[in-house]
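The values are calculated or read from the model by the stated rules, or taken from the named source; none is laboratory data. As the structure is a prediction and not an experimental result, all values here were calculated from the model. So basically every Cβ, Gly included, is an ideal-geometry build from the backbone, and we count neighbours across all protein chains shown. For accessibility, only protein heavy atoms count, side chains too; no ligands or nucleic acids. Shrake-Rupley method; radii C 1.70, N 1.55, O 1.52, S 1.80 Å.
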Amino acid sequence: MTADPRIEQVTAFGFSERQARFLVTVLLHAGVCLGRQYCTSSGIARGQVMHDFFKVLIDREFATAYPRAHGHTHVYHLHAKPLYAAIGEPNSRFRRPTPLARAVERVMVLDAVLAESEMQWLATEREKVSHFARQTRLQPHEFPHLTFGMPPSTTVRYFPDKLPIGVDAGSWRHVFVYLVTRRLPVDFRSFLHRHAELLRALPEWTIRLLLPRHLAGVIGRYQAAVRDELASPLRSDTFDELRWFFEQRRHAGDRPALVADARFQRAQEAFATPRFRVLYRHWLEHGEPALQATLSPALSDALERGSGGLEWRVLEHDYQHLAALVGTA
């Protein structure tokens, strides 16, 4: 379902096209919003028109307001199944109640999407799988995914980070958004691992970090993570030793004497950095392909010639007054 039919479906509930366009964006990307976001998106001043709009949403039980996060600021949660069904996402997880801190993080992502309305934004799992199946030759198991459960009862979630991916209509460059919520980039390294195969298949890509003001100082750590994970392919001798170490480490619990082995101790010290700790977990889940990918110079080459890149944007608004636990959800 394309954007315009979604907007048309929502106008059927009695909303104007301007209101429906905003609602569709919220439903797809966040499930929550602020009054000022509606005003900015619609080009209106904060006032009675805004209050009337959200009063209608609440009175018709399309939305609820979180208890006041700060002063007169409300965070609104759109949860009504008929609205989500109208855009083809009746079972969206955005319908579920979520802690205020997580809701505020979604508000940050929504701000980034609204700031570039000319960009084509891929929001849902279905949209992303369909788009990249057309744009690449990758098989579904090569897309970013997480597997839940144990065989034979497993569930695979594609693009599990639920973050928007932008497509620049002029250049077809893909922009992968990542919201920074922690001072250390442990989760970001896992994000890079999940997306590495897809990035290798694209002609042009950018990873865009969104930083709340209070985390602007951590950008150096995230730059270092990109250098580790994408710009530093392993040499073959390092690769062989790492594979040996991972295999030994997996069985170390059953072989206590191994811990005292000199080679194991040297490898344990050499591979004690965050890069290899995250890679070990990725290898346990995905096996040999996770290791083989570390040999490829494709992403390093893309960064060097500029067809791949890292950029960051410090978010314009302050959010800490909305929820003191932002970044810890």
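Tabulated data for the structure shown
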{"read-out": "From E229, E197, E241, residue being more than 24 Å from the chain's Cα centre (by Cα), modelled with pLDDT of 95 or more, crowded, with 16+ Cβ neighbours inside 10 Å and assigned to a helix (DSSP H, G or I)", "value": "E241"}
{"read-out": "Filter pass, A272 being of a type in the set (G, A, S), open to solvent by less than 80 Å² (accessible area, probe 1.4 Å) and part of a helix (DSSP H, G or I)", "value": "no"}
{"read-out": "Tally of residues being part of a loop (DSSP other than H, G, I, E, B) and of a type outside the set (K, R) across the stretch 1-53", "value": "13"}
{"read-out": "Residue match in the stretch 65-84 (condition: among the polar types (S, T, N, Q) and at pLDDT 95 or above)", "value": "no"}
{"read-out": "Extreme residue, modelled with the lowest pLDDT, among residues of the stretch 301-329 that are in a loop (DSSP other than H, G, I, E, B), under 17 Å from the mean Cα position of the chain (by Cα) and among the hydrophobic types (A, V, I, L, M, F, W, C)", "value": "A329"}
{"read-out": "Odd one out for P67, checked against (1) farther than 20 Å from A20 by Cα; (2) in a loop (DSSP other than H, G, I, E, B); (3) open to solvent by less than 40 Å² (accessible area, probe 1.4 Å)", "value": "(3)"}
{"read-out": "Top-ranked residue in the stretch 1-55 [being under 17 Å from L110 (Cα atoms) and among the β-branched types (V, I, T); ranked as surrounded by the fewest Cβ atoms within 10 Å (Cβ to Cβ)]", "value": "T40"}
{"read-out": "Inter-residue pairs, beta-carbon under 7 Å, first under 13 Å from D59 (Cα atoms) and among the hydrophobic types (A, V, I, L, M, F, W, C) and in the stretch 77-89, second at pLDDT 95 or above and open to solvent by 30 Å² or more (accessible area, probe 1.4 Å), 6+ apart", "value": "A80/E61"}
{"read-out": "Strands (runs of 3 or more DSSP E) wholly inside the stretch 104-191 containing at least 1 residues that are open to solvent by 20 Å² or more (accessible area, probe 1.4 Å) and at negative phi", "value": "120-122, 145-150, 153-158, 174-179"}
{"read-out": "Inter-residue pairs, beta-carbon under 9 Å, first more than 16 Å from A225 (Cα to Cα) and in the stretch 295-316, second aromatic (F, W, Y) and outside any strand (DSSP E or B), 6+ apart", "value": "L295/F239"}
{"read-out": "Qualifying residues in the stretch 260-269 (those that are open to solvent by less than 70 Å² (accessible area, probe 1.4 Å) and part of a helix (DSSP H, G or I)) - the one nearest to I207 (Cα to Cα)", "value": "A267"}
